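Undergrad: I have a structure I would like to understand better, so I am pasting it below and will then ask my questions one at a time.
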Amino acid sequence: MTTSPTARRQLVRVHNFGVSLDGFATGHGQALDTPFGHARFRLVDWFFDTAMGRELQGRGPGGSRGIDNALTESGFRGIGAEIMGRNKFGPQRGPWPDESWQGWWGEEPPFHTPVYVLTHHPRPSLKMAGGTVFHFRDASPADVLAEAKQAADGLDVRIGGGPTVVREFLAADLVDHLHIVVVPIVLGRGVWLWDGLEGLEQRFEVETIASPKGVVHLTYTRRTS
């Protein structure tokens, strides 16, 4: 990839990331039939109620087309690569029993880009329909981000989750844009997003938009000065 002095800087972005009122971004007890643990789908119901959310699920036309849908769509524009944690890819822990698991999303995942899965148990890359290729890396946030930026070919890199991965990238000051969706539920347990991130807001300009659906969108944009 060649760049000019005026080339647009690649951004590192987090989008549509649901968090409970008490700061949990996933529930306790993830399993094959409960990818968000005891939270079930309460952290993402707002997302699947949008027009784009329905489209991604193959549910046909319908869904909301207001602010929730506009912000949902913005999270998919200009993305050239994705980084996620192993437990966004699947519920398995420890060494892979085999390589039959190919993610939660079926034969054609919605990413359509290279996807880097952070895991202490790498496995061969997995090519899926629609342009998604999963690469499994045991690497630091900075190292995997460098590889993802190269693969993104000038487009932005999205940090897809889960909360441990988002927290690690925030702690390393590698995130330029953070879109958090506060969902009006209390989970009480699970994986807390904000541990060790005291003073995070000082790095960002923060904007807030309330949705008629009852969720609140918080957008953190890196300060330029």
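Undergrad: When you go through V181, V157, V186, V175 one by one, which is the residue that is modelled with pLDDT of 95 or more, assigned to a loop (DSSP other than H, G, I, E, B), aliphatic (A, V, I, L, M) and closer than 17 Å to S74 by Cα?
TA: V175
Undergrad: Take F24 and tell me if it is in contact with a Lys or Arg (Cβ under 9 Å, 6 or more places away or on another chain) and farther than 18 Å from L118 by Cα.
TA: Yes, satisfied.
Undergrad: Condition check: more than 19 Å from the chain's Cα centre (by Cα), of a type in the set (K, R), surrounded by fewer than 18 Cβ atoms within 10 Å (Cβ to Cβ) and not in a helix (DSSP H, G or I). Does R59 satisfy that?
TA: Spelling it out, R59 is indeed more than 19 Å from the chain's Cα centre (by Cα), of a type in the set (K, R), surrounded by fewer than 18 Cβ atoms within 10 Å (Cβ to Cβ) and not in a helix (DSSP H, G or I).
Undergrad: For a quick check of your reading of the model, give me the residue pairs whose first member lies in the range 146-158 and is touching a residue at least 12 places away in the same chain (Cβ under 8 Å) and hydrophobic (A, V, I, L, M, F, W, C), whose second is assigned to a loop (DSSP other than H, G, I, E, B) and surrounded by fewer than 20 Cβ atoms within 10 Å (Cβ to Cβ), with beta-carbon atoms closer than 7 Å and at least 6 apart or on different chains.
TA: Every condition considered, the pairs that remain are L155/G78.
Undergrad: Give the residue that is farthest from Q30 (Cα to Cα), with candidates limited to residues of the range 92-120 that are touching a residue at least 12 places away in the same chain (Cβ under 8 Å) and hydroxyl-bearing (S, T, Y).
TA: Per the criteria, the residue is T113.
Undergrad: Could you list, in sequence order, the residues of the range 178-202 that are crowded, with 16+ Cβ neighbours inside 10 Å and either over 26 Å from F36 (Cβ atoms) or free of Cβ contacts under 8 Å to residues at least 40 places away in the same chain (or both)?
TA: L200
Undergrad: Among the residues in the range 121-141, are any of a type in the set (D, E, K, R), touching a residue at least 40 places away in the same chain (Cβ under 8 Å) and either touching a strand residue (DSSP E or B) at 6+ places or on another chain (Cβ under 8 Å) or under 23 Å from F24 (Cβ atoms) (or both)?
TA: Scanning the range 121-141, I find no residue that is of a type in the set (D, E, K, R), touching a residue at least 40 places away in the same chain (Cβ under 8 Å) and either touching a strand residue (DSSP E or B) at 6+ places or on another chain (Cβ under 8 Å) or under 23 Å from F24 (Cβ atoms) (or both), so the answer is no.
Undergrad: Quickly run through the range 48-91 and pick out the residues that are in contact with an Asp or Glu (Cβ under 7 Å, 6 or more places away or on another chain) and without any contact (Cβ under 8 Å) to a residue 60 or more places away in the chain.
TA: T50, M52, G63 - these are the residues of the range 48-91 that are in contact with an Asp or Glu (Cβ under 7 Å, 6 or more places away or on another chain) and without any contact (Cβ under 8 Å) to a residue 60 or more places away in the chain.
Undergrad: Looking at (1) surrounded by fewer than 17 Cβ atoms within 10 Å (Cβ to Cβ); (2) hydrophobic (A, V, I, L, M, F, W, C); (3) in contact with a helix residue (DSSP H, G or I) (Cβ under 6 Å, 6 or more places away or on another chain), can you tell me which one V216 breaks?
TA: Going through (1) surrounded by fewer than 17 Cβ atoms within 10 Å (Cβ to Cβ); (2) hydrophobic (A, V, I, L, M, F, W, C); (3) in contact with a helix residue (DSSP H, G or I) (Cβ under 6 Å, 6 or more places away or on another chain) one by one, V216 breaks only (3).
Undergrad: While we're here: I'm checking my understanding of the structure. Among residues of the range 62-91 that are under 30 Å from P122 (Cα atoms) and of a type in the set (K, R), which one is surrounded by the fewest Cβ atoms within 10 Å (Cβ to Cβ)?
TA: R77
Undergrad: Using the structure shown, decide if V165 is surrounded by 16 or more Cβ atoms within 10 Å (Cβ to Cβ) and within 23 Å of Q202 (Cβ to Cβ). Give the derivation first.
TA: Values: surrounded by 16 or more Cβ atoms within 10 Å (Cβ to Cβ): yes; within 23 Å of Q202 (Cβ to Cβ): yes.
So V165 passes the test.
The values are calculated or read from the model by the stated rules, or taken from the named source; none is laboratory data. Since this is a predicted model, take the numbers as computed values, not measurements. When we count neighbours, we look across all protein chains shown, and the Cβ atoms used for this are built from the backbone with ideal geometry, even at glycine.
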